[in-house]
Structures are given as C-alpha cells and as structure tokens.
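Quick notes on the structure that follows.
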Amino acid sequence: MLFLSFHPSLFPNSYSRFHISSSLPPNSNNGHNHQHTSPSQVPIKSPTPPWMKVPLLLQPHELVDLSNPKSKKFKPEKHELSDKALMGKEVRGKRAMKKIVDRVEKLHKTQNSNETRVDSLNVENFGGYLEILKENEEVRSKGRMPWEKDEKFGFVKVKREKAVTAAELTLDKALLRRLRNEAARMRTWIKVKKAGVTQDVVDQIKRTWRRNELAMIKFDIPLCRNMDRAREIVETKTGGLVVLSKKDFLVVYRGCNHQLTTKGSPSLRTNHYEMNRVELATKGDIFRVESNHSSSEMLNWNADHKDSISTGIQDVNCQLVNGSLYERETERLLDGLGPRFIDWWMHKPLPVDADLLPEEVPGFQPPFRLCPPHSSAKLTDYELTYFRKLAQSLPTHFVLGRNKGLKGLASAILKLWEKSLIAKIAIKYGIPNTDNEMMANELKCLTGGVLLLRNKFYILLYRGNDFLPRSVASLVEKRELELKSRQLHEEVARMKAIQAFSPIDEVPLDTSTSGTLTEFRKIQTKLEDTKSVNVDSNIQLEAEICRLEKELKEEQRRAFILNKKIKRSERELSKLNAAWTPSEQDTDLEIMTDEERECFRKIGLKMQSSLLLGRRGIFDGVLEGLHQHWKHREVVKVITMQKLFSQVINTAKVLETESGGILVSVDKLKEGHAIIIYRGKNYKRPSIKLAKNLLTKREALRRSLEMQRIGSMKFFAHQREQAISELEVKLADLQQKKEIELREFAN
C-alpha cells in the first residue's frame, strides 16, 4: 500500500521531507512468510497532509528527532535540502505541488504493475484505498487538482491603431515634418460653423492658399465631435491634404501642383460642391459613382485629370466593398433612395440628402393600408418603448433641412419601409428657421406612419401595423376588383336566364330578387339607414348616459373624501383651540388723555423698529418680543398683514389684554396695519415667563395651517357640490329623452 507524507524539518509548522512507503496489512492466509514484529518496530501514526484521507503508519527509525531543532549540530542531509527546496518560501506554490503530483502518478503506475502479483484477498483489503485513488484520478483527468483555484481571465484592452492619412502616404517624411512644424506655429484660422464646410469656407481656404501653402481650420459642432470625418470632408471638397490634426483644428496643405490645378480648371472654384457629389446607385451588388468631375484628386497629384477620375472611382468602390458588414448592409438598404449627404458629421455610411429630393412627385398618393385580422393599428406603450430602443442602434437614413415640399422624401420613406420598420431622419445643423414639428406633421400626413420620436435632432417614423408593401397592396386591390367583377357577372347571367325562360307574349311581372346581388345591396343600404337613424343615436345616448353616471360617481367619491378630510381637520383645530385660553381684561386701566394718545401715536409711527406679526398670529413669542421692546422704549409698533379691518381690531384687543399695555391707535400703512401699544406708567418687566395660556410657536403654526387647509377644502367641497348638482340635472334630462325615444320606437 502507498502512503504520502511530509516529515517536519527545522520548523514545527512546516514540512520539508517527502516520504513514500508501501505497506501491506498482515494476513495469515496469503501464503507469504512474515516475521514477528518486535515492540520497537510497531508502526507509528504520523501527521498527513489535508488531501490524504487514509492514516499514514511509519516505522520509528523513519521519523526524525525534532527534540532540539535549533541546535547547531543538526545538519540536514543533501536529500533533505532538496526536499526543503520544494516547500521553501522561494519555490512554494503551484510549481512545487505539480512536481509532487507527478511523482505520485509515477508511483501509482508502478503500483498498478505490481498489483497483478497480489492475491484477491489483498485486493479486497485495498478496496477502500483504490476507491480513493480512482477519485483522485478522476480529479486529475479533469486537469485540475482540489487545491487549485479557478484562474481569472482578463480581457486586455487593445490600443486602437491610428489610421494612416493621405498626407502620410503621399508626402515625403522631411516635407511632412517641415509642414507640421510650421502648422504648430500658426495662430490664425478659418471658422467652420454648424452648417459645415460650405462653399464660402472652401473659397476662404483657396484665398488663404494664394498667400500661404497651409490653411488652418477650426470646427464648430457637430463636426468637432468627429475629426476623422471632418478631415475626409475637407480633403474631398478642397483637394488638399491634412497634415496636422489637434483637438478641433485641422491644418490643410494645398499640394505641390496647386497653381497648375487652379489655372487649368477654373470650374473647381465656382462649382466645387456639385463636382464632388457622389451619387450611389446599385444594380444588384454593383456600386456606381456618378460625377461630372473627379471626386478624389488628392489621391494622385502628378497624374492627369482623366487618371485621377478613374483612380478616384476605383478607390471609392474598393472602400465600399471592403467596409464592415454594417456599412455594406446599410449601403444596400439606402441604395437607390437618392443622393448622399457628403457633409455628414458622424461615421459612415452616409445618409441620403433629403433636400436634394424633388419637392413634388406627380401622381403621389398616401399608401393603401389594411390592418391584419385580430390586431390593432394603435401601438401600446410597450411597443412604443421597444421601437424607440430599437431605433437607437439603427443608422441614420435621411438628413433633412427644409420644412415643406417633402413628397420626394415621403416616396423614399415608403420605399425604405419595404425593407425596414423604422425610418430615422436627422435634422441638419446650422440651417435657420427649421421646425421639426412642421416636418413631422407633414411626413405623418403624407406617409400615414406612426411618429415615435420628435426633437431638434431626430424624427423617428414607424411604418405602422397596417402598412402593406406595394406588391401586397396591389394584390389586395386586384382581388377586390375581381370580386366585384364576379358579382356583376353573376347578376348579368341571372338576368339573361330569367329572360330566356319567360314567355314572349306574357307581360313581364316583378320577379323575385331573393339571393341576388340587388337584394344584398338593398339589405346593406337598409341596415346602414337604420344604423344611422336609430342605432347610432341610441348608442350615442347610452354612451353619454354611461359617461355622466361614471362622472357623477367620481364626483361623489371626491366630495365624500373632502368632507372626511374637513372633519379630521376640524378635530385637529378644536384640539389646538382648546389649548389656548385667553386671559380676561383688567378692569383697572390707566387713564390716557387725548394729547398723550396723539403724542404716543406720532412717536410710534416714526419708530424704525417694529414687531412683525406673521401667519402664526399671537403666541407666547410675540408677548416676549413686546416686553423686549418695552425694555428700551415706552411704545411698541406691531405690524400685521391681515386684510380685514375687523380682524386687525380683534388682534389689537387681544394684544392689549394679554400684554397688559394700553392700545394707542390702529393705522393703515403701505406694508399693512400698524398697532401701537403703550406700556403704561407703572410698567415692571416680568421676572418669569408670561402667557402660559397661549400657544407655542409650533402649535401656532399648526393652527394656522389647519385653518388654511379647512378654508381651501371647504371651497373645493362647494365646487364639488355644484358639479354634482349640474351632473344630476343633465343625467335626468338624458334619461327623460331616452324614455321618449323608446316610446316613439315602440309605437
């Protein structure tokens, strides 16, 4: 039997010795000779590693004496040093454990070769141990040991490769280095606004090239967000090479043969935008470029004009064919819808320029629509959200800049809807007087689609659940025409049969029309008349009565809730009013003459300091403020914002009673009413807090809020009662009208 163990070495907590031994339990039935074991040779149970499930029994001479591990005389042998290297701090880890596993596997192979020599009884004794070895073998066959942890896989971020520009491919390195050094020192630039690289910007660049071989351009939104696309547009429209790009700046080089190209082709300066328009149209999978002049002169500067045209077309075709799958599919989707928008500020593919589509299309009509059975043309909220999320990943199909004359765009959208559910339309930047609401309404009327989203950037149109492609719509219309023609043919055949069987001499009598087309039409007209006269009116009346009953129940429910809230607020207000017990007025008041009263009144009105009475009214803090004023002066001015004069007089009397002063006057001021109170000749500042019978500041605020709440709820309750009475009158009139109509219909 095989055992694996580590023997402790220098440190008591570490294992440095690797020992493997085989032992067989004594058995008298095995036919081998066994010697009698002495007491000194009794096997000892030694410590085992955590992955071993069978105890390890070793002879006493195989154990190491660790009684004095720190003594200098103890010197480990060479094999002990090698074992220590396996589990030392320097090499300890997966590598050491793999070496151990390899050795165990080798010993296991040798054991398998020796197992054939052991009898069947010994094999039965090893049954438990063999099951453990099989389990370990299954674990190893999976390529992972029990103590090994799962390896964590991390994705390394790949750095984006910088695209090679046309200047780096065309110009020499020394010339490119010189141009970039000069471009870094430039401080004047040409401003490109929201409209993009227009013809005015191109003319300014050409004028700058007459004085200098470099021109600096600064871009505004939206092109500043995609400088790669801005570089392509500038190189296409100006015929120059971008030698430096930094933030939202581009520096354009005019080229080595700039003077020759400008003298030889003056049309480049006059109509450069039309020259560079690339119209993409396909027949099958072929891309075609329509251009009156060269669309990429900067690719070959020293070639002739004809060579540049051919090379430009080949490069454009190669670029379209070799693009990503997303670009190729989008190009196939937009193919044949119209000319592309070259000044597109986002990544390719380029959308269709809707402003170049015709304003009027002869014979244009909104499409024929038919909703499938058991479905509704109206979108649910879930469908609306789903289509909006779906449109986020879609490419932009059209770019629009005008408000009216969108029949050409509508016909292109109908053609697009045969391949795509949603039409995504972007609104151009920098064009004045653009109204996205007007655009969306006109497109919705022309196409009959569903408006998913409308803002100042995009318009999303869904084709609708009842949309039919042209082939399907024509098939449905053809089927309806065939059905009507069959009905007419059957009616003509029936009339001919009646004429053939009727005698010639007899006067033609009125024949029966049962089962004929005329009977069917008469039934339809009769039913329509009854519906229009009786059924429709009755349905409308019933619907109006149901609506009024529902509204009446809702108003009654709201009135019940309001009354409940009013009662609850009244209970709260009664509790707060019970906590306020106003004091009685003193009968022994000081006498004040008219001269003194007028004098104190003038003094109080001229005073700058005053006591403001807010929404809380009179509470204990107001009286403390009064006594604080009376500490320094004889008169106090209290300003209240109450509107009714009766409320002001009541407040003045309460202040006089609670404070113990003398009311001088109540005057109307610009900011409210002024209440002037004199402290009296025998005034003494109280040593303890007065007004224990009044409310606190917090309770006064609660009382004010409850009073305001009750007032507003009573106002709304009165409105509810009026609405309920009006609805009851209307409902009674409609029910009376319904009874009259039922009597007339019965008669």
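The values are calculated or read from the model by the stated rules, or taken from the named source; none is laboratory data. These numbers come from a predicted model, not from an experiment. All Cβ positions, even for glycine, are placed from backbone atoms using ideal geometry, and neighbour counts span all protein chains on display. Calculation scope for accessible area: heavy atoms of the full protein, side chains included, ligands and nucleic acids excluded. Shrake-Rupley method; radii C 1.70, N 1.55, O 1.52, S 1.80 Å.
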- Message: With the alpha-carbon atoms as the only input, what is the per residue convex hull volume for segment 166-253 in Å³?
- Response: 86
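If you roll a 1.4 Å probe over segment 325-468 with all protein chains in place, what percent of the accessible area is carbon or sulfur?
Working: 3920 of 7160 Å².
C and S atoms contribute 55 percent here.
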- Item | Estimated inter-spin distance, Q59 and T385, nm [label 7 Å along Cα→Cβ] | 8.0
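In the structure shown, do any of K670/K697; K602/K681; K424/K456; K194/K456; K478/K522; K567/K730 have a Cα-Cα gap over 20 Å, and if so which?
Working: K670/K697 27 Å; K602/K681 18 Å; K424/K456 13 Å; K194/K456 14 Å; K478/K522 25 Å; K567/K730 30 Å.
In this structure, K670/K697; K478/K522; K567/K730 exceed 20 Å between Cα atoms.
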- Rounded, prolate or oblate: which fits segment 378-485, taking a ≥ b ≥ c as square roots of the Cα gyration tensor eigenvalues, rounded meaning a/c under 1.5, else prolate when a/b beats b/c? prolate
- Work through the residues other than V476 whose Cβ is under 12 Å from its Cβ and net out their charges, Lys, Arg +1 and Asp, Glu -1. 0
- Could you calculate, for segment 584-694, the ratio of the Cα radius of gyration to the Kirkwood radius, expressed as Rg to Rh? 0.92
- Query: For segment 652-747, what are the per-bin percents of Cα-Cα distances with bins 10 Å wide, up to the bin holding the maximum?
  - Reply: 11, 18, 21, 13, 10, 9, 8, 6, 3, 1
- Query: If ligands, DNA and RNA are left out, what is the accessible area of R558 with a 1.4 Å probe, given in Å² to the nearest 10?
  - Reply: 100
- Query: From the phi of every residue in segment 416-430, what ³J(HN,Hα) in whole Hz does the Karplus formula 6.51 cos²θ - 1.76 cosθ + 1.60 yield, where θ is phi - 60° and glycine or proline is x?
  - Reply: 5, 5, 5, 10, 10, 6, 10, 9, 9, 10, 9, 9, 5, 8, x
- Task: Please give the length that would be gained between A377 and D435 if that part of the chain were fully extended, namely 0.36 nm times their separation in residues minus their C-alpha to C-alpha distance (nm, one decimal).
- Result: 18.1 nm
- Task: With a cut-off of at most 10 other beta carbons within 10 Å, and DSSP calling the residue loop, which trypsin sites (Lys or Arg not before Pro) in segment 606-659 qualify? Please list them.
- Result: K631, K643
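For E555, what charge total do you get from the other residues with a beta carbon under 13 Å from its beta carbon, if Lys and Arg give +1 and Asp and Glu give -1?
On the way: positive: R547, K550, K553, R557, R558, R720, K730; negative: E549, E551, E554, E721, E726, E728.
Charge balance near E555 sits at +1.
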- Query: For segment 565-624, what % of the accessible area comes from carbon and sulfur atoms, probe 1.4 Å?
  - Reply: 52
- Message: Using a 1.4 Å probe on the protein heavy atoms only, what accessible surface does S712 show? Give it in Å² to the nearest 10.
- Response: 50
- Å² per residue, accessible surface of segment 325-468 at 1.4 Å: 50
- Message: Checking the table K246/K428; K173/K247; K550/K714; K191/K415; K218/K419 against a 29 Å threshold on Cα-Cα, which pairs fail?
- Response: K191/K415; K218/K419
- Query: Sorted by accessible area with a 1.4 angstrom probe, largest first, how do T208, T447, T170 fall?
  - Reply: T170, T208, T447
- Item | Distance in nm between pseudo-label sites at S245 and S420 (7 Å out along the Cβ direction from Cα) | 2.5
- How big is the gap, in Å, between the Cα center of segment 186-201 and the Cα center of segment 363-416? 36
- Radius of gyration, Dmax [segment 687-742; alpha carbons; angstrom]: 24.4, 86
- Can you grab the distance from the C-alpha centre of segment 555-597 to the C-alpha centre of segment 680-747, Å, no decimals? 17
